[in-house]
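The values are calculated or read from the model by the stated rules, or taken from the named source; none is laboratory data. Note that this is a predicted model, so its numbers are computed, not measured. Cβ atoms come from the backbone with ideal geometry, glycine included; neighbour counts cover every protein chain shown. The accessibility values were calculated without ligands, DNA or RNA, using every heavy atom of the protein model including side chains. Shrake-Rupley method; radii C 1.70, N 1.55, O 1.52, S 1.80 Å.
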Amino acid sequence: MVFAKLFRRNPLDRPAASLYAEIVARARTPVFYEAAAVPDTVDGRFEMISLHAFLVMRRLKAGGETAQKLSQALFDEMFADMDQSLREIGVGDLSVGKHIKKMAKAFYGRVAAYEAALDGAGETLEAALRRDHYGTVEAVPDAAVGLLADYVRGADRQLAAAPLAELMQGKVQFGPVPTGEKPQE
């Protein structure tokens, strides 16, 4: 009996893994790297995963205790994957923890900035995205930032209206991906 509790899996692990897989799939959508000018780099991919994870976690935060536990399981899944990815690209075992800590701090900073912007309690979403999401890019066309901001607002509305039960089962619908041409510099 004691061992059964010790080795029992968290029932939220499976939906968290499903949500994370859908987040990664959406974050890899080419239009973000083409029309929205997100750099197709390790940093750019981290930003896109973080942005989509934020949107899902924002919805879960409003869903009660079990939904908040799923949000934590999703966070754990995301950073376990980040840990594994760092190891795969050759970051040494002794420095992986420092990198993960830095990434988690960046993620929480973005969560605070994007949440305030979406709630109208801080800078505009465009300003937050320009500073944080595009932080490694010298010049980002306004049209690209606007395209991504419009997408984020739409995805936030879509998630807010979605039944919580779907998320709890590991299913997420972000809404349509943006369309547009690659912006001119």
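Which loop GluC sites (Glu not before Pro) in the stretch 108-151, with loop taken from DSSP, have no more than 15 other Cβ atoms within 10 angstrom of their Cβ?
Here the GluC sites (Glu not before Pro) that fit, given the DSSP loop and packing criteria, are GLU123, GLU138.
Please give the per residue accessible area of the stretch 17-96, computed with a probe of 1.4 Å over protein heavy atoms only, in Å².
Roughly 45 Å² per residue, with all protein chains present.
Relative to the compact-globule scaling 2.2 N^0.38 Å, provide the ratio for the alpha-carbon radius of gyration of the stretch 10-93.
Compactness ratio reported: 1.16.
Could you tell me the ratio Rg/Rh of the stretch 80-142? Both radii from Cα atoms, Rh via Kirkwood.
Radius of gyration relative to Kirkwood radius: 1.10.
Picking from ALA25, ALA73, ALA155, which is most flexible by a Gaussian network model of the chain using Cα springs under 10 Å?
Looking only at ALA25, ALA73, ALA155, the biggest GNM fluctuation is shown by ALA25.
Could you compute how fast the stretch 35-136 diffuses translationally, taking Rh as the Kirkwood radius over C-alpha pairs and applying Stokes-Einstein at 10 °C with viscosity 1.306 mPa s? Give it in µm² per second.
Once the numbers are plugged in, D ends up at 109 µm²/s.
Quote to one decimal, in nm, the extra length available between LYS171 and VAL91 on full extension: 0.36 nm per residue of separation minus the C-alpha distance between them.
Result for the pair: 25.6 nm of gain on full extension.
For the stretch 74-153, which whole-number percentage of the solvent-accessible area (1.4 Å probe, protein heavy atoms only) is attributable to carbon and sulfur atoms?
Heavy-atom surface of the stretch 74-153 belonging to carbon and sulfur, 1.4 Å probe: 54 percent.
If you project the alpha carbons of the chain onto their three principal axes, what span does each projection cover, largest first, in Å?
That gives 64, 42, 29 Å along the principal axes, largest extent first.
Over the stretch 122-185, how many percent of alpha carbon pairs lie in each 10 Å bin up to the one with the longest distance?
Result returned by the calculation: 20, 41, 28, 11, 1.
For the stretch 63-104, what is Rg from Cα atoms divided by 2.2 N^0.38 Å, rounded to two decimals?
For the stretch 63-104, the normalised Cα radius of gyration is 1.40.
Between beta-carbons, use under 11 Å as the cut-off and find the net charge around ALA149, counting Lys and Arg +1, Asp and Glu -1.
Net local charge, ALA149 excluded: -2.
Add +1 for every Lys or Arg and -1 for every Asp or Glu among the other residues with Cβ under 10 Å from the Cβ of ASP13, and state the total.
0
Identify the trypsin sites (Lys or Arg not before Pro) of the stretch 23-130 meeting these criteria: DSSP loop state and at most 15 other C-beta atoms within 10 Å of the C-beta.
ARG28
Report the residue, chosen from PHE107, PHE79, PHE32, that carries the largest GNM mean-square fluctuation when the chain is represented by alpha-carbon nodes joined by springs under 10 Å.
PHE79
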